[in-house]
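Below is one structure, written out as C-alpha cells, with a few remarks after it.
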Amino acid sequence: DRSIKIAPSILSADFANFGAECRAIEAQGADWVHVDVMDGHFVPNLTFGPATCAAIRPHIKGTMDVHLMIAPVDAYIEAYAKAGADVITAHLEAGPHIHRTMQAIRSYGKKSGLALNPGTGLEAVPYLLDMVDLICVMTVNPGFGGQKFIHSQLDKVRALRAMIGDRPIHIEIDGGVTPETAPLVAAAGADVLVAGSAVFKGGSVDNPAPYGNNIRSI
Ligand code: DX5
Ligand code: ZN
C-alpha cells in the first residue's frame, strides 16, 4: 500500500498524557503512531523504553511504529516486540550486524525497518532488500524534534524508490515534515511521513493539530 500515511511522533506530545494524545491523533486521522526511543548514547537525548511502549499500546488502534535510536540494539528487540510494536526500526549506523538485526525483528513476527542517518549512503541497501519491510530516510540528524528538513535527502529518496522497484517496502521520512516539505517527499517516492512538531506544536490533547485541526492537511 503506497498511499500516503501520516505517522505523528509522540516525541512532541505531552509526556504525561500519552494515552490521551494517541487517542486524539488517531481520532484526527493519524494512520500510524510513531514512537521515538532514544538512549542518550546513539543520539544525544533520552526518551523512554519498552515499559512505556507497553503502557501506550492499548491506546493505539492502528500501527505502532517504534523507531529505535539505541546502540547496541539487538539485545532489546525482544522487549519492544513484546511491548506490542508492529514495526521495529533500527539504524544501520547502530552496530556492525544490521542484517542480523533485521532478521531478529522478523523472527518475532514484526515488520523490520532500516533507518539511515542523513550522512549515510545507500550502498548497503541492495543486500538488505529481502530483509526489510520499511526504510526510513532521516531528514534531520536524529535526537530532537523541531529541526529543519535537510533537502539533500530528496535525491536519496528518489534513488531508494528506484532501488526498491515493485517490492512491498515502505519508504518513511522522519524529520522536518511540514505542509511545505510533505509534498516534496511524497513526489520523491515516500509513503510514510513522520511528523512531530507539525502535528503537536502549539496544540493540546483536544486540539493537537495546528493545521486546520486536521492531520490529513499535512
Ligand atoms: C528525530 C525523531 C523524529 C522527530 C521528528 O530524532 O526520530 O521522529 O520526532 O520530529 P519533527 O517532525 O518535529 O522534525
Ligand atoms: Zn523517529
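Brief remarks on what is shown
- Counting the residues of the stretch 111-128 that are under 22 Å from I70 (Cα atoms) and part of a helix (DSSP H, G or I) gives 1.
- Filter result for V43 (part of a strand (DSSP E or B) and closer than 28 Å to M131 by Cα): no
- Count - residues of the stretch 61-82 that are of a type in the set (A, V, I, L, M) and within 16 Å of ligand 1 (Cβ to nearest atom): 7
- Qualifying residue in the stretch 131-141 (condition: touching a strand residue (DSSP E or B) at 6+ places or on another chain (Cβ under 7 Å), more than 19 Å from A7 (Cβ to Cβ) and either within 16 Å of ligand 1 (Cβ to nearest atom) or part of a helix (DSSP H, G or I) (or both)): yes
- Residue in the stretch 157-168 that is outside any helix (DSSP H, G or I), away from ligand 1 (no atom under 11 Å from the Cβ) and in contact (Cβ under 8 Å) with a residue 24 or more places away in the chain present: yes
- Long-range neighbours under 8 Å by Cβ, at least six apart or interchain, first residue within 18 Å of A75 (Cα to Cα) within the stretch 29-55, second hydroxyl-bearing (S, T, Y) and crowded, with 21+ Cβ neighbours inside 10 Å: D36/S9; V37/Y80; P50/Y80; C53/Y80
- Pairing each residue of the stretch 186-210 that is over 20 Å from A27 (Cβ atoms) and hydrophobic (A, V, I, L, M, F, W, C) with any residue that is assigned to a loop (DSSP other than H, G, I, E, B) and at pLDDT 55 or above, provided the two are 6+ apart or on different chains, yields C-beta distances under 7 Å for A186/I4.
- Subset of the stretch 176-185 that is in contact (Cβ under 8 Å) with a residue 40 or more places away in the chain and surrounded by 24 or more Cβ atoms within 10 Å (Cβ to Cβ) - its residue that is nearest to ligand 1 (Cβ to nearest atom): V177
- Index of the failed condition, V140 passing every other in (1) closer than 21 Å to P72 by Cβ; (2) under 13 Å from the mean Cα position of the chain (by Cα): (1)
- Filtered residues of the stretch 31-49 (kept if crowded, with 19+ Cβ neighbours inside 10 Å and away from ligand 1 (no atom under 13 Å from the Cβ)): D31
- Residue match in the stretch 82-103 (condition: assigned to a loop (DSSP other than H, G, I, E, B) and acidic (D, E)): yes
- In the stretch 64-81, the residues that are within 16 Å of ligand 2 (Cβ to nearest atom) and either of a type outside the set (F, W, Y) or part of a loop (DSSP other than H, G, I, E, B) (or both): M64, D65, V66, H67, L68, M69, I70, A71, V73
The values are calculated or read from the model by the stated rules, or taken from the named source; none is laboratory data. Just so we're clear, the structure is a prediction, and the values are computed from it rather than from any experiment. Counting neighbours? That spans all protein chains shown, and the Cβs are built from the backbone with ideal geometry, glycine included.
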